[in-house]
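Enquirer: Got a structure for you, written out below as structure tokens; questions coming shortly.
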Amino acid sequence: MCFLGSEKYPGENEYKRYLSCHGGRSNASTSMSATTFKFDVLAERGEKAVDLFANFFVCPLFTESGTSREVNAVDSENSKNLTTDVRRRLQILKAIADPDHHWSKFSTGNATTLPAAAAAAASFLSPLPRAATTAVVVVAPS
């Protein structure tokens, strides 16, 4: 949900379009303890790509239509995962874990849980991510 545009770059697909037009791509993943965002782009286009990326965290936009599409995408992925053996084993382990431990909680999201999470994300990202828990790594040719 972080890539729905920013005040400086309000187009929902501006970031992905910029990367793909300049030899790049992006991806993100979330584990139990961290979220990782990554992208690559031609070196001479890196400065604007970093600016586009950084502005998602400086002044993000959470439009109703964009947020709704993201919620539906995550809900669809969660529904698909419900029948996989790996997910079933994970849910069994979560069910027998200490209920007071964060690991035992629901860890993906669906159409029921995510609307509230989207509001929390908008609140969390305003005005800036927590500097103490954020790391940025830039790799470029010398």
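The values are calculated or read from the model by the stated rules, or taken from the named source; none is laboratory data. Please read all numbers here as calculations on a predicted model, not as lab measurements. Cβ sites come from the backbone with ideal geometry, for glycine too, and all protein chains shown count toward neighbours. Calculation scope for accessible area: heavy atoms of the full protein, side chains included, ligands and nucleic acids excluded. Shrake-Rupley method; radii C 1.70, N 1.55, O 1.52, S 1.80 Å.
Enquirer: Could you pull out every residue, at least 5 positions away or on a different chain, whose amide H is within less than 5 Å of the one on Ser6? Hs are placed 1.01 Å off N in the peptide plane, and Pro or chain starts have none.
Expert: The answer is Gly11, Leu61.
Enquirer: What whole-number value in Å² describes the accessible area per residue of the chain for a 1.4 Å probe? Kindly include the intermediate steps, with their values, before the conclusion.
Expert: On the way: 9730 Å² over 142 residues.
On a per-residue basis, the chain sits at 69 Å².
Enquirer: Distance in nm between label sites at Ile96 and Arg25, each 7 Å beyond Cα in the beta-carbon direction?
Expert: With each label point 7 Å from Cα toward Cβ, the separation is 3.9 nm.
Enquirer: So, one more: In whole Hz, what ³J(HN,Hα) sequence does the stretch 99-110 give by Karplus (6.51, -1.76, 1.60; θ = phi - 60°), x for Gly and Pro?
Expert: My calculation for the stretch 99-110 gives x, 8, 8, 4, 5, 6, 6, 4, 10, 10, x, 8 Hz in order.
Enquirer: For the stretch 1-80, which whole percent of the accessible surface, found with a 1.4 angstrom probe, sits on carbon and sulfur atoms?
Expert: Values: 2460 of 4880 Å².
Exposed carbon and sulfur together represent 50 percent of the surface.
Enquirer: Show me, for the stretch 20-26, the HN-Hα J-couplings you get by feeding each phi into the Karplus relation (A = 6.51, B = -1.76, C = 1.60, θ = phi - 60°), rounded to Hz, glycine and proline as x.
Expert: Using θ = phi - 60°, the values come out as 5, 6, 10, x, x, 7, 9 Hz.
Enquirer: Mind sorting out which of (i) 16.4; (ii) 17.1; (iii) 16.1 is the real Kirkwood radius over Cα pairs in Å computed from the coordinates?
Expert: (ii)
Enquirer: Turning to a different aspect of this structure: For Thr35 and Ser104, compute 0.36 nm times the residue count separating them, minus their Cα-Cα distance, and round to one decimal in nm.
Expert: Working: separation 69, 0.36 × 69 = 24.84 nm, distance 1.83 nm.
Full extension from Thr35 to Ser104 adds 23.0 nm.
Enquirer: Further question on the same structure: Select from Cys59, Asn81, Tyr15 the residue farthest towards the positive end of the dipole of the chain; place +1 on Cβ of Lys and Arg, -1 on Cβ of Asp and Glu, and compute about the Cα centre.
Expert: Asn81
Enquirer: Provide the gained length on full extension for the span Thr83 to Lys48, in nm with one decimal, where the gain is 0.36 nm per separating residue minus the Cα-Cα distance. All intermediate terms of the calculation are to be shown ahead of the outcome.
Expert: Numbers: separation 35, 0.36 × 35 = 12.60 nm, distance 4.16 nm.
Separation in residues times 0.36 nm, less the Cα-Cα distance, equals 8.4 nm.
Enquirer: Helix 114-124 versus the longest principal axis of the chain: what is the Cα-based angle in degrees, 0 to 90, to the nearest 10?
Expert: Taking the Cα atoms of the chain, the angle to 114-124 is about 50 degrees.
Enquirer: Please give me the summed charge of the neighbours of Arg69: other residues whose Cβ is under 11 Å from its Cβ, Lys and Arg +1, Asp and Glu -1. Spell out each step's value before the answer.
Expert: Working: positive: none; negative: Glu12, Glu64, Glu70, Asp75.
Around Arg69, the surrounding residues sum to -4.
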